[in-house]
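Step one of this worksheet: look at the structure below.
Read-outs: derived from the displayed coordinates by stated rules, not from any lab. Computed from a predicted model, the values in this text were never measured in an experiment. When we count neighbours, we look across all protein chains shown, and the Cβ atoms used for this are built from the backbone with ideal geometry, even at glycine.
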Amino acid sequence: MSRGELTSILEEANSIRQEAGEIFREQIVERIFQEAEVIHRQVVERSGPKADWERKLDDILTSRLFGYPIMLSLFGVVLWLTIVGANYPSELLAKLLFGFEGCLSKFVLWLGAPLWLHGALVDGIYRAMAWVVAVMLPPMAIFFPLFTFLEDLGYLPRVAFNLDRLFKRAGTAGKQALTMCMGFGCNAAGVTAARIIDSPRERLIAIITNNFMPCNGRFPLLFAIATIFFGSLMKVGSLGTSLMVLGMIVFGVIITLLISWLLSKTILKGVPSSFTLELPPYRKPQLGTILVRSLIDRTLHVLWRAVIVAAPAGLITWMLANTTLGDVSLLAKFAGFLAPAGRLMALDGFILAAFILGFPANEIVIPILLMGYLAQGVMMEPSSISALGKLLVQNGWTPLTGLNMMLFSLLHFPCGTTLFTIHKETGSTKWTLISFVLPTLVAVVVCIVVAQVVGFFM
């Protein structure tokens, strides 16, 4: 018998052993729950129809027929309420903050600050922070309470239960569904939540793929682009916009499952561990608890982190836009260097430059992009979504550009905070680099494929 044949036999035997062990573990868990149910029936007396009502509701919410449609419908309603409710407060907040800019500008000049310092402080740092607050706060103040309401109600564990089968088929842990849900608020929080996964292999897969869930920093961009190119230009209204954003979330889930499967079959091989989830009882949502957890623990905490990160990013962007070589700013030269790659993905150099410079915080991608387009060295603010749409169309944007902008935002590299968290959780530079490179490659490939397919049929 050759060495290769012996190796093959040993690998097959090891695979059979692992599969048998997995089946054995599942049988043990199943037997434990059967015994627990028998004891429960013997010693617990039910008063009222509540238990039967919850079981019937679970039969619907976790069924193969109704579970996914109900899940998508609930998330669609949450997104629709967020989009409809955030537009006016966002514009009002932008007018307030940028109206205060005039007073701040006069104060800085009154102090005798030179023009370059005035530009750096007001046009760079303050405008970046004002943009982040105006764009992020209204959607988060609506989305997080609604999302926390579903969490407090006890529905999110049912989402994890529904997705467990898909993650099992992808060769990963069912608990990854829970970490994926955490990524909706912040990918860094989703990475930290991966601690609940016992297997180091499956924990790494969950950490690497968590970035494919849109976080609060990317939701405003997705909302804005979807509203402009699929709500206004295609005249489908807020419902169509909500469905477009929901479609992005579903696509992110599909990519998460696909990349998880590829990782589990290549560099992170292994048999998926068993996941036993005991569905908690439904609870009456506590309004006070929801407001505290969603507005203080989540919205304001994440907003404060984004503002701190946006300040130096705004300063660096302002410096690049106001430093020239010849008659061209460094920002324009950088965009020109990236232009060929941008055209290949149906984007442009300024879009790619905005994502790279927006690495510290996804929230400032749009304002950096506007600074490049307007070529004024100042982080400009549009007066409304429609004004932003006109500016983008004037700079050559099409619905294909808007679609690939959303796809690239959904799939591209994690922000600085998330990468820092990944390095902290894994303790490995190697896996941190993989977490950066892999999503970027996926984003580039998807955008190129979409651009080529659309270009072929047009």
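Give the order of Ile207, Ile125 when sorted by the count of other beta carbons within 10 angstrom, beginning with the fewest.
Details: Ile207 29, Ile125 19.
Ordered by Cβ neighbours within 10 Å, fewest first: Ile125, Ile207.
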Starting from the Cα of Lys168, draw a straight line to each of the lysines and keep only those under 17 Å, dropping any in the same chain fewer than 8 residues away.
-> Lys265, Lys269
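Peptides 165-172, 263-270: what's the order by average Cβ count within 10 Å, highest mean first? Let's see the in-between values first.
Details: 165-172: 20.0, 263-270: 15.0.
Result, highest mean first: 165-172, 263-270.
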Tabulate in residue order the Karplus-calculated ³J(HN,Hα) for the stretch 205-220, using 6.51 cos²θ - 1.76 cosθ + 1.60 with θ = phi - 60°, rounded to whole Hz; enter x for Gly and Pro.
-> 4, 4, 5, 5, 9, 4, 5, 6, 8, x, 8, 4, x, 9, 4, x
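Averaging sequence separations of C-alpha pairs under 8 Å and six or more residues apart, then dividing by the length of the stretch 46-457, give the relative contact order as a whole percent.
On the way: 559 pairs, mean separation 84.6, N = 412.
Answer for the stretch 46-457 is 21 percent.
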Using Cα positions and a limit of under 29 Å, work out the lysines in reach of Lys333, with same-chain residues fewer than 8 apart set aside.
-> Lys390
Which parts of the stretch 318-341 would a label at Ser105 reach, counting a residue when its backbone N lies under 16 Å from a point 7 Å out along Cα-to-Cβ?
-> none
Counting Lys and Arg as +1 and Asp and Glu as -1, what is the net charge of the other residues whose Cβ lies under 11 Å from the Cβ of Ile267?
-> +4
If N is the residue count of the stretch 46-457, its Cα Rg over 2.2 N^0.38 Å rounds to 1.02
Once you put a point 7 Å from the Cα of Arg283 and another 7 Å from the Cα of Leu92, both along the Cβ direction, what distance in nm separates them?
-> 3.2
